Amino acid sequence: MSKYLNHIFEKYLNRELSEQDKAVILNEMQACKNLEAIEQEYNKASSKTSFYDFHDLLAFQQFIPPGMDLISALKTLDELLEQDKKREEDGFPRRIRLGKLVRPSKTDKGKVVVVPSTTEPKFYHDDSVTEEEESGEGGAGEGEEGDVIGEQQAQPQPGEGEGQGAGEGDSSDHDVTSEAYDLGKIITEKFSLPNLKDKGKKRSFTKYTYDLTDRNRGFGQILDKKATLRRLVKTNIMLGRIKQNEPFSPDNMLLNPQDMVFRILSREKDFETQAVVFFLRDYSGSMQGDPTQLVTTQHLLIYSWLMYQYQNNVVTRFILHDTEAKEVPDFYTYYSSQVAGGTRVAPAFKLMNKIVEEEQLQVDYNIYVFYGTDGDDWDSDGKELIETLKQTLTFANRLGITVAKNAWTPDSKTTTVEKNIIDSGLLKERADLLKMDAMVATGVSEERIIEGIKKLVS
Amino acid sequence: MELIDQRTKKIMEECKVRARDAGLSFDNETLEYIVTNKDMVDLSPKVMIPTLYDYWVHDVEVLKGHGKYKLYPNNPYETVINSRPAISFYNDNNPDWMNIMIFYHVLAHIDFFQNNKMFENTWNDDFVGKALADKRLIANLRSEHGRWVDYVIEFSRSIDNIVGYFDYISALNYNTKLDPTAAITFYFDVFLQEIVKVPGHEIFKEIERYNNLRDSNKEQAESLFFSEVKSKYPEFQAKFEKHSNKREKEFVDVLQFIHDNSPFLRKESNSWMKLVMNVVRNTSLYFQPQIRTKIINEGWASYWHDKLFRSDPRIAGHEIGYAKLNAGVTALRRVGLNPYAIGLRLIEHVENLANKGQISRDFQVLDSFQAKENFDRKTGKGQETIFELRKHFSDFTLINSYVSQDFVDEHNLFVVGQHLDQSRNVIQYYVKSRKAADYKKMLIDSLYHPPRISVNKAKTSDENLYMVHHFEGKQLIQQFVPDTLLGLEFLWGGQVQLETTDIVVQKPQNQNEKPKYELRKVLYTIKDKKVTKQNL
């Protein structure tokens with residue numbers, strides 16, 4: 001990899017780089033070399049044990065602390081949100097946090113789960129700042145200082161797992177989609193994002209049809225098996241027929257006729273897929289940490305919100321780039337791919353333009369593009385990028401660029417990408433199509449991220 | 001939840017007799033409950049205390065996993081509840097021999113709760129009963145004030161890790177008679193050192209003069225002493241008076257300070273909030289000693305279950321089962337920290353030192369390695385010493401006093417480091433250090449330690465609550481500061497300020513250099529729910 005980077009670097013050197021640009025590139029190449037240390041940081045949180053993880057119940061009597069109360073696990077987001085809404089009315093910020101994405105633990109297939117959670121804010125110590133080296137933990141037994149005493153498989157690299165075939169990819173995509181749908185519900189309620197519909201779509205998204213979508217308990221036209229099972233399980237938990245950590249047989253479950261949920265005929269909006277959304281992001285070495293976090297979070301929010309607003313009817317495409325660009329099959333891969341090499345922005349847009357052209361997407365779809373970067377671009381004059389962007393703007397309904405600056409980039413300094421885009425005049429020329437938002441990526445609040453989205457879609 | 005059956009209770013009573021004979025002391029009454037998994041579902045959010053007040057956060061998933069202990073002054077799943085009578089929990093299908101072993105473990109915990117000085121604030125409480133009263137109180141308030149009760153709980157809990165536990169506990173037994181008078185303290189500690197700035201030997205001379213006077217005439221010593229001081233430093237009296245006017249005791253306990261002084265809570269219509277704050281504060285205070293004695297307490301209990309069960313004839317036929325269970329709990333792990341293992345070994349280490357008379361000046365002044373190794377007075381003071389240890393020590397003092405190179409070497413302990421082998425995508429664990437100092441630091445770093453925050457009374461008024469975070473090398477989690485301040489602003493009813501220290505990381509220019517850290521004093525201010533931050 002580094003050989004290849006050197007090659008590109010030399011190519012750019014021939015173009016007479018300024019000292020500053022050179023430093024940026026060198027910095028990034030070093031960042032790639034330091035991946036080892038970074039990876040270590042990334043992996044260490046998972047394995048350390050603390051004194052306070054131990055307790056007598058587990059140690060002597062093998063009590064496994066229960067995960068979650070079964071009934072509250074069945075609680076829907078709506079109930080939590082209802083409670084949270086009241087908080088806001090009382091003048092306090094909401095406490096239910098946007099879902100978190102939980103990585104896979106056992107299987108190598110990625111699954112994204114949205115967990116509503118809360119925190120109790122307190123004053124307490126932050127260990128993360130000064131503990132550059134891990135503080136270590138305890139051990140006992142033979143071995144000289146420096147001896148390796150054991151190994152553990154690090155987290156599998158996304159994409160390296162087996163069976164990333166089409167079928168698997170689809171199913172995991174589905175998981176993301178349905179969870180993201182839930183997440184989207186929170187966002188729109190919480191922040192009242194403007195609807196894309198108001199953005200001058202080519203055609204209206206809505207027409208009405210009649211469909212079996214309304215739910216009714218007790219009678220109806222078609223039994224909703226999933227909803228019925230949910231109620232059934234709930235009833236049987238309350239009756240004590242389903243216990244945690246114990247196998248149960250469906251034979252023992254009681255069926256209350258009131259638990260049967262049916263679908264009945266109702267008027268529905270009919271959605272047609274008319275929008276393609278491209279998510280592009282930089283995953284080069286310098287993106288490590290906060291910038292990646294910010295960009296992926298923001299794109300997750302946008303994605304979730306689209307899923308909700310358009311009822312899973314938006315087509316999404318994902319492109320990652322370092323010095324090269326590649327399309328990845330699903331949001332999970334997009335979200336969780338580890339940082340790779342150096343940075344060239346143009347190839348990502350080129351790839352997208354190519355996809356649009358080959359598939360003639362602009363004929364049938366509104367095209368939205370969201371791009372996230374830390375602002376570095378080895379191609380410092382940006383000619384190639386601007387040319388490509390101009391081409392993109394011929395078909396895109398909106399191109400939203402987020403620049404998540406690294407902490408070491410001074411606030412005032414405009415990054416290469418920003419500079420090139422501003423200099424090109426495109427921001428003014430195509431103000432209706434192109435939006436850009438820049439912020440320092442460290443310690444950014446959820447509100448700021450949402451504000452960023454508003455800016456991008458305004 | 002039901003009590004254990006009579007037959008099992010009888011076994012417990014037999015264990016109590018043997019434990020007492022061995023020197024443990026505890027109240028006669030105890031309650032033992034059988035818990036099922038369903039009970040655990042109800043108990044675990046309530047820290048195993050069935051009567052703890054209800055609070056909605058208990059029902060939601062709270063920030064999971066690592067670092068959780070830093071937020072909460074409690075261990076979530078204890079077998080034994082430090083209450084009067086003490087309560088303990090059991091599986092309903094434990095074999096008898098296992099119950100006997102666990103009973104010994106439990107009895108040693110109860111002995112620890114009821115004798116260790118750190119727990120002195122809990123000695124007179126039937127906590128479970130008190131919690132029930134609190135729970136009812138809060139339920140009543142809730143029927144009247146609705147969800148506002150939950151806000152007050154929430155905001156009080158946001159500083160329930162800063163309840164001045166050590167100040168509270170040290171005040172319990174503090175003998176003020178031992179303090180010199182205010183004038184003497186001021187003269188030696190402040191006046192000579194900070195105002196006149198006399199050299200050290202003169203201070204010692206003055207101390208000697210004072211002590212001589214005391215020896216000859218205890219009653220008159222002070223006035224005689226100061227008559228000379230006043231002739232030598234005529235300004236002393238004025239300085240002293242000025243100083244004593246200015247100097248008032250700083251409140252460390254922010255929660256209590258707000259409770260006592262908040263203009264908002266002073267209002268008649270808000271006085272119920274104080275009741276809620278009291279509940280939260282007392283609950284937190286109750287848990288404070290527990291989280292500060294995890295290692296020594298588990299070590300103590302493991303020491304006794306092993307000693308008592310192995311000498312109990314009822315072990316017959318279950319030696320292997322016991323050995324397996326015991327090893328599972330107390331064996332040192334190749335990698336990982338285990339409070340049972342470390343605690344047990346430290347207690348045995350102290351017992352061993354004391355048996356040889358090595359906890360003595362005679363031993364400490366030896367410099368020959370050989371002489372130290374052979375030092376054995378055969379004092380037989382081991383048992384007595386560990387009972388003292390159990391009375392006076394906490395995790396920190398135990399580790400800080402007794403983790404020595406000898407201890408580390410004896411048990412082959414080391415600090416584990418880890419690094420990633422990128423080419424093979426495996427994490428490698430390696431022996432990072434076998435030095436006692438490193439090992440001790442690693443242990444101490446992993447102990448519970450909330451930040452120390454106090455109220456600056458001079459800068460505090462009805463319109464402004466001014467808090468100071470005493471920096472100990474770690475900044476506060478910045479993301480939580482504004483939200484916490486929001487709650488405090490509500491409770492104070494006005495502007496709240498927090499002075500703290502941020503660590504600013506300066507990225508090194510050169511990759512081989514270490515990053516530099518700059519400490520920056522900052523002041524957070526919240527007014528009308530708007531938080532601002534400025535450099536000081």
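Here, each number is a calculation from the coordinates, and none is a lab measurement. Every value quoted in this text rests on a predicted model; they were computed, and no experiment measured them. Quick reminder, even Gly has a Cβ in these numbers, built from the backbone with ideal geometry, and neighbours come from all protein chains shown.
Under 5 Å between amide hydrogens, which residues at least 5 positions from B:Val416 or on another chain qualify, with H placed 1.01 Å from N in the peptide plane?
Counting only residues 5 or more places away or on other chains, the set is A:Glu137, A:Gly138, A:Gly139, B:Lys432.
Efficiency by 1/(1 + (r/R0)^6): what FRET value for A:Met238 and B:Lys9, r their Cβ-Cβ distance, R0 = 41 Å, to the nearest 0.05?
Working: r = 33 Å, r/R0 = 0.80.
That gives a FRET efficiency of 0.80.
What does the average come to when, for each residue of peptide B:406-417, you count the partner chain Cβ atoms lying within 10 Å of its Cβ? Before the final figure, lay out each step's value.
Numbers: counts 0, 0, 1, 0, 0, 2, 5, 4, 11, 6, 10, 10.
If you average over the peptide's residues, the count of other-chain Cβ atoms is 4.
Assign one of three labels to the range A:320-458, namely rounded, prolate or oblate, based on the Cα gyration tensor with a ≥ b ≥ c the square roots of its eigenvalues; rounded applies when a/c is under 1.5, prolate when it is not and a/b is larger than b/c, and oblate otherwise.
Values: a/c = 1.33, a/b = 1.25, b/c = 1.07.
Taking the square roots of the gyration eigenvalues as a ≥ b ≥ c, the range A:320-458 is rounded.
Compute the distance from the alpha-carbon center of the range A:302-374 to that of the range B:251-297, in whole Å.
Cα centroid to Cα centroid, the span is 52 Å.
For every helix of n ≥ 4 consecutive DSSP H residues, a contribution of -39,500 (n - 2.57) applies; sum these over chain B, divide by its total residues, and give [θ] at 222 nm rounded to the nearest 500 deg cm²/dmol.
Calculated from helices alone, the mean residue ellipticity at 222 nm is -15000 deg cm²/dmol.
From the cross-link list A:Lys86/A:Lys455; B:Lys242/B:Lys521; B:Lys440/B:Lys521; B:Lys197/B:Lys459; A:Lys234/B:Lys38, which pairs have alpha carbons spaced over 20 Å apart? Walk me through the numbers before you get to the answer.
Working: A:Lys86/A:Lys455 28 Å; B:Lys242/B:Lys521 29 Å; B:Lys440/B:Lys521 30 Å; B:Lys197/B:Lys459 28 Å; A:Lys234/B:Lys38 15 Å.
Checking Cα-Cα distances, A:Lys86/A:Lys455; B:Lys242/B:Lys521; B:Lys440/B:Lys521; B:Lys197/B:Lys459 exceed 20 Å.
If you plug each phi of the range B:43-52 into the Karplus form 6.51 cos²θ - 1.76 cosθ + 1.60 with θ = phi - 60°, what whole-Hz ³J(HN,Hα) values come out, in order, with x for Gly and Pro?
Couplings: 7, 4, x, 9, 6, 6, 9, x, 9, 5 Hz.
Mind checking the mean number of beta-carbon atoms from other chains within 10 Å of the Cβ atoms in B:420-426?
Average per residue, whole number: 6.
Could you tell me which residue out of B:His469, B:Leu491, B:Ser433 lies farthest along the dipole of the range B:409-501 toward its positive end? Charges go on the beta carbon: Lys and Arg +1, Asp and Glu -1, centred on the Cα centre.
Of the candidates, B:Ser433 comes out farthest on the positive side.
5 Å is the cut-off here: which amide hydrogens, built 1.01 Å from N in the peptide plane, fall below it relative to B:Phe89, excluding neighbours closer than 5 in sequence?
For B:Phe89, whose amide H was placed from the backbone, the distant partners under 5 Å are B:Tyr33.
Set the bar at 24 Å for Cα to Cα. Now go through A:Lys405/A:Lys435; A:Lys122/B:Lys46; A:Lys122/B:Lys516; B:Lys274/B:Lys529; A:Lys85/B:Lys474 and name every pair that lies beyond it.
Details: A:Lys405/A:Lys435 17 Å; A:Lys122/B:Lys46 19 Å; A:Lys122/B:Lys516 28 Å; B:Lys274/B:Lys529 22 Å; A:Lys85/B:Lys474 35 Å.
Exceeds cut-off: A:Lys122/B:Lys516; A:Lys85/B:Lys474.
Assigning unit charges at the beta carbon (Lys, Arg +1; Asp, Glu -1) and nothing else, what dipole magnitude in debye, to the nearest 20, does the range B:452-535 show about its Cα centre? The partial results should precede the final answer.
Values: 13 positive and 10 negative charges, 53 e Å.
About 260 debye.
Once amide H atoms are placed 1.01 Å from N in the peptide plane, what residues at a sequence separation of 5 or more from B:Val335, or on another chain, have their amide H within under 5 Å of its amide H?
For B:Val335, whose amide H was placed from the backbone, the distant partners under 5 Å are A:Ala140.
Please average, across the residues of B:327-337, the number of beta carbons from any other chain that are within 10 Å of each residue's own beta carbon, and give a whole number.
Working: counts 0, 3, 5, 1, 1, 4, 6, 8, 11, 10, 10.
Mean shielding by partner chains, rounded to a whole number: 5.
With 16 Å as the cut-off, how large is the P(r) tail for the range B:119-176, expressed as percent of Cα-Cα pairs?
Values: 1037 of 1653 pairs.
Across the range B:119-176, Cα pairs with separations above 16 Å total 63 percent.
Apply the Karplus curve 6.51 cos²θ - 1.76 cosθ + 1.60, θ = phi - 60°, to the phi angles in the range A:370-382 and return the couplings in whole Hz, x for Gly and Pro.
Per-residue couplings from phi come out as 10, 10, x, 8, 8, x, 6, 8, 5, 7, 6, 7, x Hz.
Residue by residue, what Karplus-based ³J(HN,Hα) values in Hz, rounded to whole numbers, does the range B:468-473 have, using 6.51, -1.76 and 1.60 with θ = phi - 60° and x for Gly and Pro?
Per residue, the Karplus-derived 3J(HN,Hα) values read 10, 8, 7, 5, 10, x Hz.
Round to the nearest 0.05 the FRET efficiency obtained for B:Met1 and B:Leu275 when R0 = 35 Å and r is the Cβ-Cβ distance.
Working: r = 28 Å, r/R0 = 0.80.
Approximately 0.80, to the nearest 0.05.
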